[in-house]
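Okay, so here's the structure we're looking at.
The values are calculated or read from the model by the stated rules, or taken from the named source; none is laboratory data. Just so you know, these numbers come straight off a predicted model, no measurement behind them. Counting neighbours? That spans all protein chains shown, and the Cβs are built from the backbone with ideal geometry, glycine included.
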Amino acid sequence: MRKTLKKIVITTLAALSPLSAMATDAASEPDFLGGNFTGWVEFGNERMFRGNSETQNTEVPSLQGLVTWTHEDTGIYAGYWMATNKFDLVPEIYAESGPYIGKFGTIGDTGINYNVFLWHYIYHKSDGDYQPNYTELWLTANKDVTENLNIYVEFVPTLDAWFGTKTDKGDDVQGYSAAITPTYQLGNGWAVNGTVGYQWFSDPEFVQPGDWMYANVGVTKSFRDGWKASLSYHDTNVDASTDTTEIWQRHLVASVSKSF
């Protein structure tokens, strides 16, 4: 049972950032309320989120980490994540964090793994004024279609105003995201992956770039003791004339992470 749960965690969360950190050694004996604590830290030249730079094009390095508690028998988990952040459009924001809670499992004998969780984004501001916090509901699934190929899909609606954005009538602007990510294991710890996704809104005229498509392709190398290195290329269809801070333009991202 413990080995099965470990495989579910690894395959279900492998395409997520930062929740991929939960793919650590879930096969150890439960040590707190029937579950285990795991952790993850990563350092990179920048941090991407659906095709845009969360660290203003490497103006600040990306440093992020999280701690997660996972219940051994039910697949219920909860945790907290923190990361550096920088936006020229909102210069008072210097960091981001988020509590999350969810459940993963497998649908019968289909081999389809699911993961459903709530993620609350908290933006930390130096001036202490209004924070554009919001919450998303993540609905994800993945399946090993061959021995080496895994296909992951996600649909993510916001439950309130995306980044605190309102219409001119004061209504919440809600966001929606969908993406597909295939990952192919090459052997000896090497893997290649790519993502194609779409971010759209209930009222796109109130969001700076409007709706956009995003894509990335990358390679990862896993080492012993939970270490991993990655290199990826990211781009969107946001026009440069609309993207005044260039955070939706082409980016090459390198990172090193450690799970424990």
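Observations on the structure shown:
- Qualifying residue in segment 182-193 (condition: surrounded by 15 or more Cβ atoms within 10 Å (Cβ to Cβ), polar (S, T, N, Q) and under 24 Å from ASP88 (Cβ atoms)): no
- Count of residues meeting criterion [under 19 Å from the mean Cα position of the chain (by Cα) and either over 20 Å from GLU42 (Cβ atoms) or among the aromatic types (Phe, Trp, Tyr) (or both)] in segment 212-226: 4
- Any hit, segment 144-159, residues being among the β-branched types (Val, Ile, Thr) and in contact with a helix residue (DSSP H, G or I) (Cβ under 7 Å, 6 or more places away or on another chain): no
- Considering residues of segment 137-152 that are surrounded by 15 or more Cβ atoms within 10 Å (Cβ to Cβ) and of a type in the set (Val, Ile, Thr) only, the residue nearest to TRP119 (Cα to Cα): THR140
- Flag for THR110 being farther than 22 Å from HIS251 by Cβ, surrounded by 18 or more Cβ atoms within 10 Å (Cβ to Cβ) and modelled with pLDDT of 95 or more: no
- When ILE76 is tested against (1) crowded, with 16+ Cβ neighbours inside 10 Å; (2) within 30 Å of TRP200 (Cβ to Cβ); (3) over 13 Å from the mean Cα position of the chain (by Cα), only condition (2) is not met.
- All positions within segment 173-198 that are aromatic (Phe, Trp, Tyr) and more than 16 Å from VAL217 (Cβ to Cβ): TYR176, TYR198
- Single residue of segment 167-181 satisfying the filter (among the β-branched types (Val, Ile, Thr) and buried (at least 18 other Cβ atoms within 10 Å of the Cβ)) that is nearest to TRP119 (Cα to Cα): VAL173
- Qualifying residue in segment 55-73 (condition: at pLDDT 95 or above, part of a loop (DSSP other than H, G, I, E, B), closer than 22 Å to VAL156 by Cβ and among the small types (Gly, Ala, Ser)): no
- Cβ-Cβ distances below 9 Å connect the following pairs, each with a first residue in segment 206-224 that is over 22 Å from PHE260 (Cα atoms) and in contact (Cβ under 8 Å) with a residue 12 or more places away in the chain, a second residue that is crowded, with 16+ Cβ neighbours inside 10 Å and of a type in the set (D, E, K, R), and a separation of six or more residues or different chains: GLN208/ASP243; PRO209/ASP243; TRP212/ARG50; TYR214/ARG50.
- Restricting segment 108-167 to residues that are touching a residue at least 24 places away in the same chain (Cβ under 8 Å), assigned to a loop (DSSP other than H, G, I, E, B) and aliphatic (A, V, I, L, M), the residue that is nearest to GLU96 (Cα to Cα): ALA161
- Residue check for LYS86: of a type in the set (Lys, Arg), surrounded by fewer than 17 Cβ atoms within 10 Å (Cβ to Cβ) and either modelled with pLDDT under 95 or in contact with a strand residue (DSSP E or B) (Cβ under 8 Å, 6 or more places away or on another chain) (or both): no
- Pick from segment 221-236, criterion over 20 Å from LEU186 (Cβ atoms) and modelled with pLDDT of 95 or more, ranking: surrounded by the fewest Cβ atoms within 10 Å (Cβ to Cβ): ASP235
- With respect to the conditions (1) at pLDDT below 95; (2) not in a loop (DSSP other than H, G, I, E, B), ASP239 falls short on a single one, namely (2).
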